[in-house]
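Colleague: Here you go, one structure.
Every number here is computed from the coordinates shown, using simple stated rules; none is lab data. Just so you know, these numbers come straight off a predicted model, no measurement behind them.
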Amino acid sequence: MNRFSFGLWCEKQVAQHLECVKGWLVLARRVRFRGGEVDLIAESTEGELFFVEVKGRRNREFGSPLEAMTELKLHRLRRTALEWKRRQNDFREARFLFVGVELVDGQPVLEFLEF
């Protein structure tokens, strides 16, 4: 599986977890605007709006997936969230979720970091 396919697979794993385990509704996937992107936009069972960034790693050679979140990525994620909310006329407060997906013995292990 190439890097792009692995990234899509990781996003699918996270979307399935949010929908099937947490009961959330995935509103959009792979949203892109000039200057930013977001992997998933989801609504929690309490109606909270989450912008979800997914980072996958096949191993720890370059660190854990959660270590990949930088201030620049967070800034771009926030900017993309504002643009999406503006276009959707959605005035709810946004929350941000970073999900690391790591392969352990061929199985995905998900780690969550909310900010």
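Colleague: Residue by residue through segment 54-70, which ³J(HN,Hα) values in whole Hz follow from phi under the Karplus form 6.51 cos²θ - 1.76 cosθ + 1.60 (θ = phi - 60°), with glycine and proline marked x?
Modeller: So the Karplus estimates, Gly and Pro as x, are 10, 10, x, 9, 7, 7, 9, 4, 10, x, 7, x, 5, 5, 7, 6, 10 Hz.
Colleague: What percentages make up the Cα-Cα pair-distance distribution of segment 7-75 when the bins are 10 Å wide from 0?
Modeller: 19, 47, 31, 3
Colleague: Helix 3-16: angle to the longest alpha-carbon principal axis of the chain, degrees 0 to 90, nearest 10?
Modeller: Around 60 degrees separate the two axes.
Colleague: Let me ask something else about it. How big is segment 65-110 along each principal axis, measuring the range of its Cα positions in Å and listing the largest first?
Modeller: Sorted from largest, the Cα extents of segment 65-110 read 43, 20, 14 Å.
Colleague: Multiply the residue gap between K12 and D90 by 0.36 nm, knock off their C-alpha separation, and tell me the result in nm, one decimal place. Could you put the intermediate results ahead of the total?
Modeller: Values: separation 78, 0.36 × 78 = 28.08 nm, distance 2.46 nm.
Between K12 and D90, full extension yields 25.6 nm more.
Colleague: Kirkwood hydrodynamic radius, segment 37-104, all distinct C-alpha pairs: what's the number in Å?
Modeller: By the Kirkwood definition, the hydrodynamic radius is 12.9 Å.
Colleague: With angles folded into 0 to 90 degrees, how steeply does helix 71-88 sit against the dominant principal axis of the chain? Use alpha carbons for both and round to 10.
Modeller: 40
Colleague: Determine by what factor the alpha-carbon radius of gyration of the chain differs from 2.2 N^0.38 Å, reporting the quotient. Please list the in-between numbers first.
Modeller: Details: Rg = 13.8 Å, N = 115, 2.2 N^0.38 = 13.4 Å.
Here the Cα radius of gyration is 1.04 times the empirical estimate.
Colleague: Considering only DSSP beta bridges where both residues belong to the chain, give the percentage that are antiparallel (nearest 5). Walk me through the numbers before you get to the answer.
Modeller: On the way: 19 of 28 bridges.
Given both bridge residues lie in the chain, the antiparallel proportion sits at roughly 70 percent.
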